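Step one of this worksheet: look at the structure below.
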Amino acid sequence: MIKKSVAILAMASLVLASCKKENAALRIDDATAKKAELAHAESGKLPLAKFETLDHDFGTITAGEKVNYTYKFTNEGTADLLISDAKASCGCTVPSYTKEPVKPGATGEVQVVFDSSGKSGAVQKTVTLTLNTEKGTETLNFKANIENKGIGTNPMTVGGAPAAH
């Protein structure tokens, strides 16, 4: 009977000890509670990128020409806006963008340089941005009509007439 009592007492001690450990693990210190409270208070704050335009038409350009366009945006949200990445749909397009956080009400930009070398006819390209907005991404679009001038032309003539020397 004493052995049973000792065994029951030992089991009860283990159960109580494990309950105390679990309660200790669930306790949150004041600093952690304040951080959670602040995060919760700011959880409703989000940046919002409002672009002047998402589309650009370079019009007719000459093959081999490098053209660029700057897409401008305003952060119309309530938290800092940050662009973390910009991926072009092809290697002929190089995007660059505002790297520092854009405060609410402030503006930023994404510059796109398109190299038309080796291209002809109508082209459409995209740049996909990764942002810390609720949507998470934004797609910028541009198009151009690329003409191959210079093939079969004589540089010594202009508009069919001999060029002035």
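A few points about this structure:
- Scanning the range 75-104 for residues that are more than 13 Å from the chain's Cα centre (by Cα) and within 19 Å of Asn141 (Cβ to Cβ) yields a total of 6.
- Members of the range 92-103 found to be in contact with a strand residue (DSSP E or B) (Cβ under 8 Å, 6 or more places away or on another chain) and surrounded by fewer than 16 Cβ atoms within 10 Å (Cβ to Cβ), listed by number: Val94, Ser96, Lys99, Pro101, Lys103
- Here the range 122-137 is the region considered, the condition is being among the hydroxyl-bearing types (Ser, Thr, Tyr) and within 11 Å of the chain's Cα centre (by Cα), and the residue that is farthest from Val94 (Cα to Cα) is Thr133.
- Taken across the range 51-61, residues that are over 14 Å from Lys125 (Cα atoms), over 18 Å from the mean Cα position of the chain (by Cα) and either modelled with pLDDT under 95 or surrounded by fewer than 16 Cβ atoms within 10 Å (Cβ to Cβ) (or both) do occur, with at least one present.
- Count of residues meeting criterion [modelled with pLDDT of 95 or more and surrounded by 11 or more Cβ atoms within 10 Å (Cβ to Cβ)] in the range 134-165: 11
The values are calculated or read from the model by the stated rules, or taken from the named source; none is laboratory data. A quick note: this is a predicted structure, and the numbers were derived from the prediction, not measured. For neighbour counting, all protein chains shown are included, and Cβ atoms are generated from backbone atoms with ideal geometry for every residue, glycine included.
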